[in-house]
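Written below as C-alpha cells is the structure these notes are about.
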Amino acid sequence: MVNLPEEFEMKMKKLLGSEYEEFLASYDHPRNFGLRVNVDKISLKEFEKIAPFHLTKIPWTENGYYYEEQDMPARHPFYYAGMYYLQEPSAMTPASRLVSKPGDRVLDLCAAPGGKATELGAHLHGKGVLVANDISASRAKALLKNIEVFGIRNSFVVNEVPAKLAENFQEFFDKILVDVPCSGEGMFRKDPAVAKVWDGNKPFECAKQQKEIITRAAQMLAPGGDMLYSTCTFSPEENEQVIQFLLDSRDDMEIREIQPYEGFAPGRPEVAYEGWDGECADPVRRKMGTPDLKKCVRIWPHKMAGEGHFLALLHKRAPGEMAGAQENDRNGHPNREMTVDEHKNPVEGSISDIKGIGKPETKVLAEFFADVSMEMNWKQVEVRKGQVYLVPEALGTRKGLVFLRNGLYLGEIRKDRFEPSQSFAMALKKEEYTAVINLDYRDVRVEKYLRGETLEVDDIVERNLQKAEEMHNAKAMKKRLEKGWQLVCVNGYPLGWGKLVNGTLKNKYHAGWRMKY
Ligand SMILES: C[S@@+](CC[C@H](N)C(=O)[O-])C[C@H]1O[C@@H](n2cnc3c(N)ncnc32)[C@H](O)[C@@H]1O
C-alpha cells in the first residue's frame, strides 16, 4: 500500500464522496503494464502473430495491450525495431482521442519523452508534420530518440518555451496535444516516489503554469482545429479549473465529447470555481462552471485497469461556425486500424531537384538511392554541410527556434560516398531497400548486432543470391547483394545498417543505442 499524504486523502474524500473507499482500495492492486503498437510499422494482426508476449487488448484503445511483467518487452529486439512503445494504459488515452490523419499539422507542446507524440506521429504516416516540443533540453533528446526509433519521417523536434512557439505558429495547427506538467496524483500507485514529494501547494503551482501553457496552445490552434488537454492528476485546480479558465478567456473555444468507454467518469462542473476566485460575470456559471465540463473525462483507478488521468477535448470554432456544429460527424469512432501500406505515395521529383549541391554529391546520392524505393519528395530534401535531411512539407521556413531535428536525417555525404543514418534505417520498410539481412529474433546474431558486434552472414547472403537468381537483372543484383550497405532487419523490421565485406557484416548500429545489459 502506498503511503498517501493526509491532505491528499482529505481532498479525494471530498471529491469522491461514497466512492472514496473503493478508490482507496485500488491502491492495494498491482499496477498495470502496457505497450502500444506502432501502427506506422506493423498491423495489429501481424504483431499479435509474431510477438512472444502474454498480450490482452486494452479495451479503450485501438492499439494498446496489457503485457505481463515477466515478458520484459523492453529487452526484446522488437522494441529496438520500434514496433511498440511501453506506456501506462491510461496514458494511451489522450493521443487515442485526438484523431489525427495523414496530412495534418500536429503539435505536441509538452512532448517528452514522446509517449503521445510517437502515437500522433505514427498516424500521420509520413504526411503533414508533427511538431514535438519540450522545454527541457535533456528530455527533448530522449524525445528525439523515441521519434527516430519509431521511424517518424516528418517531425520537427523543438526545445522552446510555448510563448516563443506561439510567435512562430499563430493559428497554424489542426491538432494540438497539451499533456501538461502536473502534480502527478494519478501516478502515486505506479510510482510511490511521486506521493513523497507531493504537498498541498503543488496543484496550485502547477495550475498557474498550466494556464500559461494552455493559453499559448490555444493561440496556435487553427480555427476549426481540435486540442486535447490532459493531466495525470485528480486535483480540480489542474483539471476542470484550467479548462474553465480557458473558456472564460476565449469565446471561440468549446468542449467536445470524447469517444466514450464504459470506465470513463465525466468531468465535474461543480468544482470549476471551487476555492478559486475566477473572473466570470454569470452568477450561475460562477457557482457551477460550464455544464459542458461533463464532457471531459476523469480516469479513476477504481473504475478502470489504469492509473489516474484527466482529459478535455477542445475545439476552436471557425468564423461563422455555430457552437456545437460538426460535433457528431467528427466524433464517430475513428477507424484507426489501417494497413501499413495504405498510405504509400510515389517518389516525387528527382535528386537533381536538391538545391545547392554539385555534380559529385549528386552522383554519390544517386548511387546510394538507386537501392531505395521509400516514398519521398526530393524537392523537400536539404543538404546542410554534407548532412542530408528530408524536411516536412507542411512546415515552411521557421527561423529563430531552438530545434533538435527538422525532418528525417537521412545521412551524410563524405567525399565519394554516402553514409546512411540510423534514423533513416528506422524509417525504411524492408521492401524499400534492395539489400537486406533479415534475421529471426531467436537468432543469436540479433543480440550480437544490437551490442555492436561484427556478424558472419554467409548463409543469409547465399539465400539472398539464390532468390536473386530468379530475377531479370540477376547479375547486377548479385553484385549488389555481395557487398556494400545492408539493411539489418529482425523478422522483416529494420534495426539498422551493416556493411558487407567478404561475407562479414561490419556493424553500423548507432553506438549510443546499443544494448547494454
Ligand atoms: C507529463 S510530461 C509529458 C509526457 C509526454 N507527453 C509523454 O507522453 O511522454 C510534461 C512535460 O512537459 C514539459 N514541460 C514543463 N513545462 C513546460 C512548458 N512550460 N512548456 C513545454 N513543456 C513543458 C516537461 O519537461 C515534461 O517533459
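The values are calculated or read from the model by the stated rules, or taken from the named source; none is laboratory data. This one's a predicted model, so the numbers in the text were calculated from it and none came from an experiment. Here Cβ is always computed from backbone atoms with ideal geometry, including for glycine, and neighbour counts include all displayed protein chains. Calculation scope for accessible area: heavy atoms of the full protein, side chains included, ligands and nucleic acids excluded. Shrake-Rupley method; radii C 1.70, N 1.55, O 1.52, S 1.80 Å.
Summary of values
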| quantity | calculated |
| --- | --- |
| Dipole-positive endmost among Tyr441, Ala511, Leu500 within segment 435-517 (Cβ charges, Cα centre) | Ala511 |
| Stretchable slack from Glu262 to Ala323, in nm (0.36 nm times residue separation minus alpha-carbon distance) | 19.3 nm |
| Carbon and sulfur %, accessible surface of the chain computed with the full protein complex present, 1.4 Å | 50 |
| DSSP bridge pairs, segment 435-517: antiparallel proportion in percent, nearest 5 | 75 |
| Asp28-Glu412 FRET efficiency (beta carbon distance; Förster radius 56 Å; 0.05 resolution) | 0.55 |
| Label-point separation in nm, Lys467 to Glu274, each point 7 Å along Cα→Cβ | 6.1 |
| Residue-wise HN-Hα coupling along segment 381-398, computed from phi with Karplus coefficients 6.51, -1.76, 1.60 (Hz; x: Gly, Pro) | 8, 10, 10, 10, 6, x, 8, 10, 10, 9, 8, x, 4, 6, 7, x, 7, 10 |
| Cα-Cα over 26 Å, subset of Lys127/Lys499; Lys448/Lys483; Lys127/Lys467 | Lys127/Lys499; Lys127/Lys467 |
| Amide H partners (placed H, <5 Å) of Tyr84, local residues excluded | Asn38 |
| Cβ-Cβ FRET estimate between Asp458 and Lys287, R0 fixed at 56 Å, reported to 0.05 | 0.10 |
| For the chain, with +1 on Lys and Arg beta carbons and -1 on Asp and Glu, the positive-most of Leu481, Ala207, Ser235 along the dipole | Leu481 |
| Dipole magnitude (debye, nearest 20) for the chain, charges at Cβ of Lys, Arg, Asp, Glu | 1940 |
| Heavy atoms of Val39: accessible area, 1.4 Å probe, square angstrom to 10 | 0 |
| Cβ crowding within 10 Å averaged over residues, with 103-115, 473-485 ranked highest first | 103-115, 473-485 |
| Pairs of Cα atoms farther than 23 Å apart, segment 1-136, % | 46 |
| Proximal charge balance of Tyr517 [Cβ under 13 Å; K/R count +1, D/E count -1] | +3 |
| Given charges at Cβ of Lys, Arg, Asp, Glu: the chain dipole, positive-most of Trp300, Gly386, Pro5 | Gly386 |
| When the chain is reduced to its Cα atoms, the Kirkwood hydrodynamic radius in Å | 24.6 |
| Check: segment 435-517 dipole with +1 on Lys, Arg Cβ and -1 on Asp, Glu Cβ, in debye | 400 |
| The chain: relative contact order as a whole-number percent, Cα under 8 Å and 6+ apart | 14 |
| Long-range amide H partners of Leu404 with built H, under 5 Å | Val157, Val158, Asn159 |
| Accessible surface, per residue, of segment 435-517 when the full set of protein chains is kept, probe 1.4 Å, Å² | 54 |
| Segment 35-90 versus segment 419-483: alpha-carbon centroid distance in Å | 25 |
| Simple label model, 7 Å out from Cα along Cβ direction - Lys399 to Arg75, nm | 5.2 |
| Accessible area per residue in Å² at 1.4 Å probe, computed on segment 98-185 | 26 |
| Global geometry of segment 435-517, whether rounded, prolate or oblate, following the gyration tensor of its Cα atoms and the 1.5 cut on a/c | prolate |
| Set of lysines near Lys190 by C-alpha distance (under 26 Å), chain-local residues within fewer than 8 positions excluded | Lys11, Lys13, Lys14, Lys57, Lys116, Lys141, Lys145, Lys202, Lys208, Lys303, Lys516 |
